[in-house]
Each structure stands twice: as structure tokens, then as C-alpha cells.
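Any read-out appearing in this document is the output of simple, stated calculations on the displayed coordinates, not a laboratory observation. In this text, all values refer to a predicted model and were calculated from it rather than measured experimentally. FYI the Cβ positions are ideal-geometry reconstructions off the backbone, even for glycines, and counts take in every protein chain you see.
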Amino acid sequence: MTKCSACSSKFPRGDYAPLATHYYIQSEQSDPAHVMWLNRFVTNQKMSQQDLERALHRLFDLKDKPVSDWMRKKFVERFFGVRPHPFVLALQHPSKRTLLGYVIEHQHFLRQWVRSCSYIMAKTDKTDATLYELDNINTEFGGFGPDKLSHYELLLRMGESLGMDRQEILSTTPLPDTEKAIDGWDDIAKKSHWVETMAAMHGLELIADRTLVDSGATLHYFEPSILDKSNNEVTEATKNFLREGYEADAGHSKEALDLVDKYSAEYSLAEDVQATFLSSIDLFYSYLMARLARGEKLDLED
Amino acid sequence: MLAGKNWILKTNFQGCAVCGSTWGNYWGEIEGERMFFCCKICHLELHNLVLKIKQSTGWEKIDELNIEGSYAGRNCLARAGEKSASFLVTFDSLGEVQTFNKLPK
């Protein structure tokens, strides 16, 4: 089976005519989720059902390569392509506003992260997948003692280093698009196959994967020189947080995507993985916009 | 009264009044003028944008509004008589104005 990225309706695998008909009907009814998906991933110019079928075929064509190759390509197009995501641009040389927006919204993201990864462990009986998730949850949330703090703790310390009280950070509720994204990822984790959830969540770690430049990314998540010892653009706690992601995410996403390749082939799930991954990166796009919006709303002196 | 011959909300008259998409088939009214939108979210976005511009500028009416860009950020040039103002705007996925920054002339 494959499924609709916008509503998860199921369709026969490899046959894009029913999927094209589905999108076409939903578009005629002006359904926002389907129309926006067409606008963002296919084209914003209406085409015939036959042309749409061909366009969907092109969009999902793996070209006999592993599904992770396709995921990397789509991720680069969306976040690091001709028009990089505005948050990526802002993070090259980040302002206090940008970083605090990151802190406040990302604490909510990381809490959902643990829930999503826990669903994967609950659903799989594959030892390599379970071990991977255990390690990932500890890296992101649990930590490995005082010498190797979790990404979550490093995030909070970054916020404190920028002058925001920890209690203020923790008590700030997420913006609507962060909340919507979290609900979306929770829904994926609850309802989808664990391999799809792995793709949906760990595919997002591509954001800090330095090797994306080999896949066509025009820039890194942030300008690497801001981590230099002699660079005073950002606080030490900010360097510690960004360095952790910078060093961990390339390995994290590679290992997870290898598992996605292995098990999507074993379960014949590649098309479902593709559809769910596109849903996830669309949620991620809006979520990164919310980080910027949060920064703009803060009462700070520029 | 804002509706009338001088009320032109989009230089791009093809497709959705906000994003230019030709998918969808949603018609909605903005300040008395019936317009094509790809979906109800874009209709709500334009409704909220017009309110925000009027609130920000103090203008009672807007003669022309040109919107360019994508949902990563839309440049909006608004005109009222001889006056004009530009803004960089983003919307959240529910159609609310998320960021609204006046651009220097």
C-alpha cells in the first residue's frame, strides 16, 4: 500500500492513478491540507488528473536507490535548496532572539521526541532498532551523567546563558504551529508503522547533518566558525548545545536511515515511508517558522 | 466604504489571491469584494492581513495590495492614495498573522 501524505488514506502500491484522483477530488473541494500539499510538493498550478498521476510518479520515483537517498534529496530541497529555510538563514550567525525562540519552542519538540521514539520501541521486535532508540533517547533527553549532558539539558543551559530563567522557559506554552506539529508527530507515532515513525523523526536529524553538502545543500545548519574557541558571537553554553547536535546528528541520522532502508525493504514499506516523511518535513517546516516567530515576540532590546 | 472600483487587492489576478495557486475552488469576500482562493486558510490569511495593515498604518482603506513570496515569507506592498507601506509577513498554518514587520522605504 501507499498512502496520502495529507490524510493517510490508503491506496494500492505503485499505482498513482487512484492517488491522483484522490488529490484531484480533494482539491476541487478546496481541502486545505491536500491543496497545500500539492502547492508545496508538486506544483501550485492545477493540472489534469493524468498529468498529476505522472507528476506523483516522478515525485516518488526512487530511481532504484535506497529510500534514504530520496529522503536526503527531499530534505535538501526543502530546507537547504535555492531558498533555504528562514530559520536556517537566521541561525548562520544567530541573534539572541533567534536562539531564545529556539530554546522555548524546542523544549516542547524534545518532549515529543521521547514519546515518538518510545512508540518505535513499543512497536518493534528488532533488537537493532530498540538499541538505537535507547541510545538516542538518552542522548537527546536522559543524558549520560554530568560529563555528557543530554541535548535537552544543554538546550536549557543555552537559554539560561542568554538571560532567561529556567522556570520561565519551562512554563512557556508552545506557539500554535509547534503544538500542531507535535500533535502531527504524535499521530504518526500512534498510527503508523514503526519504520515510518523512524523515518519521520530521525529523518529530521538531517537538519544538522554536515554531510548534506555532499547531497547538494548550499549551506550548513549554522556557520561552523561560530563554534571556534576564539569566536565570541555566541555564549559558551550556546556553543555546547550547537556542537552536540553538530557532532551527533550526522551519525544519528545515518544510523537511523540505514535501519529505515533495511526494514522498509524487508516490510515493503518504501512508499508509506515516503508519504509519512513528506508529512513530517512539512510539520518541521512550520515548526521552524514558529521558532522564529517566538523570537520576534520576545520583549528584548535589539 | 472599501469596496468599489478602486479596491484592487492583488496584482496577480490569476489563481489564489494570496498564494497564486490555481488548485482549489474557494470563493470568499474581503472588504466586500468576492475573490478566488485555493482554500479557506488563504481566505482567512488575507482577511487577517488587511486588518493588520489597517491597524498598523491607521488607514481606513487600502487601494491596492500586492503580495509576493511564499509561506516562508511574503512581501506585501500596500497603497492608499499617495501613501504606501511595505511589510514582510508570515502566517501560521491556521491562517493567523505570525510575524509582521514593516520594511523600510
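Table for the structure above
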quantity	calculated
Per-pair calculated FRET efficiency, R0 = 30 Å: B:N101 and A:S230 via Cβ, rounded to 0.05	0.35
Whole-Å semi-axes of the ellipsoid equivalent to the stretch A:233-278 (Cα gyration tensor, √5λ, descending)	33, 11, 5
Packing-based exposure ordering (other Cβ within 10 Å, fewest first) of A:M201, A:M164	A:M164, A:M201
Label-point separation in nm, A:Q167 to A:F144, each point 7 Å along Cα→Cβ	3.4
For chain A, calculated [θ]222 nm from helices alone, where every DSSP H run of n ≥ 4 adds -39500 (n - 2.57)	-21000 deg cm²/dmol
Per principal axis, descending, Cα span of the stretch B:6-103 in whole Å	34, 28, 18
Sparse-neighbour loop sites [trypsin sites (Lys or Arg not before Pro); the stretch A:158-256; at most 15 other C-beta within 10 Å; DSSP]	A:K229
Proximal lysine pairs, the stretch B:6-103, alpha carbons under 13 Å, eight or more residues apart or interchain	5
Order of A:T139, A:T211 - criterion: other Cβ atoms within 10 Å of each residue's Cβ, fewest first	A:T211, A:T139
Spin-label pair B:T57/A:K123, simplified geometry with 7 Å Cα→Cβ offset, distance in nm	5.0
Taking only Cα atoms of the stretch A:214-302, radius of gyration then Dmax in Å	17.6, 55
Average Cα contact separation per residue, chain B, under 8 Å, 6 or more apart, as relative contact order %	21
Rounded, prolate or oblate (a/c below 1.5 giving rounded, otherwise prolate when a/b exceeds b/c) for the protein assembly as shown by Cα gyration tensor	oblate
10 Å Cβ neighbours from other chains, averaged over peptide A:76-86	1
Measure of compaction for the stretch A:58-208 (Cα Rg per 2.2 N^0.38 Å)	1.14
Contour minus Cα-Cα distance for A:R58 and A:D187 (0.36 nm per residue)	43.7 nm
Residue exposure sequence - B:C42, A:C117, B:C76 - by fewest surrounding Cβ within 10 Å	B:C76, A:C117, B:C42
